[in-house]
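S.K.: The structure follows.
The values are calculated or read from the model by the stated rules, or taken from the named source; none is laboratory data. Keep in mind it's a predicted model, so treat the numbers as computed, not measured. Cβ placement follows ideal geometry from the backbone for every residue including glycine, while neighbour counts extend to all protein chains displayed.
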Amino acid sequence: MADEQLVQTAVGGVQSAYVLRISALPGKPAPHAKSLSASSYELVQLLEGEEYLYSWDGPAADLVTEPRELFRPDRLAGRSGRLRTGLSVGFVPVTVFVSAKEAGSCELEVRPRKLTYEEEYKWMLRDIAEQMTELLMERFAASNLQFSVDVERNASTLYQRFEFLRALVGSDHFQGAMQEILRRPHTGWVTIPTPMSISRGVKPSFSVSRQLTRLGIDVGVLGRPGSIDSSRSIFQDKTEATHDTAPNRFVRHAFKHWLFLLGDVQAALEAQPRTAPAARGLAEVAELTIAIEQFLSSDLFLALGELDRFPSEDQVLQKRQGYREVFRAFLEFELGALLTWDESAFSAGTRNVAATYEYWAFLQLAKCVARVAGVDFAMKELLTVDKLGLSIQIRKGVEQVFCGTATCNGRRMSIELWFNKVYGVPQGSWSRSMRPDYSLLIQPESRDKPFEIVLVHFDAKYRVQFIRKLLASAQGLEEDDLSDEDALARGEATSGDLLKMHAYRDAIRKTAGAYVLYPGGDAELGRKPLSEYQELLPGLGAFVLRPAEGGDVLGSAELQEFIERVVDHASARLTQHQRSRYWDDAVYGPTDSNRDIYAALPPGAATVLLGFVKSKRHWQWIEKTASYNVRVSGREGGVGGDSALFNAQLILLYCPSTRAIGLARIVAGPEQLSALELKATGYPQPRGAAYWCVQLLRVNRPDWIADLSCAAVESVVASQGAPVGGPVLLTWAELLSKAV
């Protein structure tokens, strides 16, 4: 039995009208109708991820209701059934068909479970406008701009401008600025010539002297009885306070300019079909119009003159509290709101929050990456001038890239941030073409000393509210027990959200991690991403990134810290991740890659480096890091980075203090580390200022060194005249002939 509360909406013409009735299941939130304007338009509002009962009242006929993925009839006639909103958010067009012919249509609004989504939408628009305005000010001087309203623009473009204006003017910060202007308006001083009788005495000045001279009066006889005609007068300047100043005129001009736009928006919406979104748009326009008219009705603006020029250099507008907020808002509106975005994000009355979140999250991610790299991305390249005016080149499905460089751990790295980059088959992806929302690529700036490329992907998921729905804990398997269909009906994240991150990480070549950006709750800010092994990468997970009222971005600090760790990881010399990927390439890479060429005993011509190990702790460090260190030139036993030692095919380690020996292979060229960097890896008591480090792979062939001993290797080193602990390079044949 359904809940008693139900709503209905009429569909179709007068002669063949159908009525859609929607009611709630027991214990579920009831739908309701929201009045949009005085024209009696009402909009049926449902909740995301809920299930309702629906039925059609009207002429007897078999009906088909679109969209079919939401309406599931319980009978073949299709006149009743279940309505599952799933993850649909915003306005949902509903069309009913009779005998394959359209009988009518209406619209429903599906509200997300996050009740602040409209506020967040405005905050994101505000942040986007501010960011774009800064970029525009870099490319176009404000004093050279010609501001005008283009009445040729269509309704959706005008509504786009209205939404920017609504986001700017509707904020509490801007409302406070308006009140500050009314409370403490700017005051100017004007000089007014005032007639004064000579007999009353006047204050001497250069102007008074000139006027008296013109009247033929000798200044020297002033004050003598009967010397001048007392009825004669001159003009003396008088200074008075006035509010008719350029800053106040500009404020009035800005608000009147916005009222003019609101009139255009209203006219454009009234020309549209009388739909619920249009009615909602009209109601929003009327609300903002009233607020602006009330502000302009203040006594301050009633007796002001017209603004005759754009006062871009005025210090009051640039610095004084209240005025600077209006001045900046005007620039943001005129410059930022004229940007051409995807129209689907700004349809009249529609709140496409997910699409706006994707744009907004990219700008915030770019800020974090730029701060980590210590560079300013050339984001002004986003802005171009085309036949429609200023256009922002962030488009769904259009690749954009920002480039910079960074130095970490002594390495110069190139950092690229991509928007909607496509990874095709087979170069980018080995299975299917992939297109993550954002991709972060870190690679060596110079190919002289290459290291493994690190690629990390991010996807914006506005509808994911609680990450526990996305990453269920191993102990709480109840989330995994839900089928994707049930999770979709409840509006929760499906396993597909997590599987998509796995797909990015596993299918796109060189990928080390894939992560979700989502506007979750404050309690989830500290959640750590998942790691496959002991290190940061490879891994996957999610980060909170949410706009806030005051302009802050919740979660940006945690995201920036993660990116810093990724850059540090990519630049590190001795990570397990880097070694594992080296051998992946060696095994699966081109035919000229390093292979295990020693199936039997090493050939006599194979070169071997005799490497000294000073202690048990030193040996343990070598095993832990799979690395070996050699002194740099300038110290006894030191060598240069181009030494032939590092081209040795094998390295024989010997430790006199433990009498141990071991065989390994050098798998990467030398990298120079300072003593501090080496100590950070756990190296015991470095004594020099710098060392060369090479990466090793243990050769598990005890039969190769069965006839060798640590004492024999020491004797060989001594016979070569090398200092204690110094490296020695021999062929395998020479080693065996001297040691055995």
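S.K.: Taking segment 700-715 on its own, how many of its residues are surrounded by 15 or more Cβ atoms within 10 Å (Cβ to Cβ) and at pLDDT below 85?
M.R.: Result for segment 700-715: 1.
S.K.: Tell me the helices (runs of 4 or more DSSP H) entirely within segment 647-740 that contain at least 3 residues that are within 26 Å of GLY604 (Cβ to Cβ).
M.R.: 710-719, 732-739
S.K.: Being touching a Leu at 6+ places or on another chain (Cβ under 9 Å) and modelled with pLDDT of 70 or more, is that true of even one residue in segment 131-145?
M.R.: Yes, because at least one residue in segment 131-145 is touching a Leu at 6+ places or on another chain (Cβ under 9 Å) and modelled with pLDDT of 70 or more.
S.K.: Additional query: Looking only at residues in segment 41-81 that are in a strand (DSSP E or B) and in contact with a helix residue (DSSP H, G or I) (Cβ under 9 Å, 6 or more places away or on another chain), which one is farthest from ILE22 (Cα to Cα)? Before you say what the answer is, go through the steps one by one.
M.R.: Going residue by residue through segment 41-81, those that are in a strand (DSSP E or B) are 42-47, 51-57, 63-66, 71-73, 80-81.
Then keep just the ones that are in contact with a helix residue (DSSP H, G or I) (Cβ under 9 Å, 6 or more places away or on another chain); that gives 42-44, 51.
Details: GLU42: 14, LEU43: 12, VAL44: 9, GLU51: 10 Å.
The selected residue is GLU42.
S.K.: Give the residues of segment 418-436 that are over 21 Å from the mean Cα position of the chain (by Cα) and assigned to a loop (DSSP other than H, G, I, E, B), sorted by residue number.
M.R.: Correct list: GLY424, VAL425, PRO426, GLN427, GLY428, TRP430, SER431, ARG432, SER433.
S.K.: Please enumerate the residues belonging to segment 237-265 that are surrounded by 14 or more Cβ atoms within 10 Å (Cβ to Cβ), at pLDDT below 85 and not aliphatic (A, V, I, L, M).
M.R.: The answer is ASP264, and nothing else.
S.K.: Could you list, in sequence order, the residues of segment 624-633 that are out of contact with any helix residue (DSSP H, G or I) (no Cβ under 7 Å at 6 or more places or on another chain) and either polar (S, T, N, Q) or free of Cβ contacts under 8 Å to residues at least 40 places away in the same chain (or both)?
M.R.: THR625, SER627, SER633
S.K.: Is at least one residue of segment 615-634 exposed (fewer than 15 other Cβ atoms within 10 Å of the Cβ), within 50 Å of the chain's Cα centre (by Cα), at pLDDT below 85 and part of a loop (DSSP other than H, G, I, E, B)?
M.R.: yes
S.K.: Another question about this same structure. Could you give every pair whose Cβ atoms fall below 6 Å, whose first residue belongs to segment 404-426 and is at negative phi, and whose second residue is part of a loop (DSSP other than H, G, I, E, B) and β-branched (Val, Ile, Thr), counting only separations of at least 6 or pairs across chains?
M.R.: GLY404/VAL375
Matching residues to (1) part of a helix (DSSP H, G or I); (2) modelled with pLDDT of 90 or more; (3) out of contact with any helix residue (DSSP H, G or I) (no Cβ under 9 Å at 6 or more places or on another chain); (4) closer than 20 Å to GLN649 by Cα:
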residue: GLU564; (1), (2), (3), (4): yes, yes, no, no
residue: ASP568; (1), (2), (3), (4): yes, no, yes, no
residue: LEU574; (1), (2), (3), (4): no, no, no, yes
residue: TYR582; (1), (2), (3), (4): yes, no, yes, yes
residue: ALA586; (1), (2), (3), (4): yes, no, yes, yes
residue: THR591; (1), (2), (3), (4): no, no, yes, yes
residue: TYR598; (1), (2), (3), (4): no, no, yes, yes
residue: LEU601; (1), (2), (3), (4): no, no, no, yes
residue: GLY604; (1), (2), (3), (4): no, no, no, yes
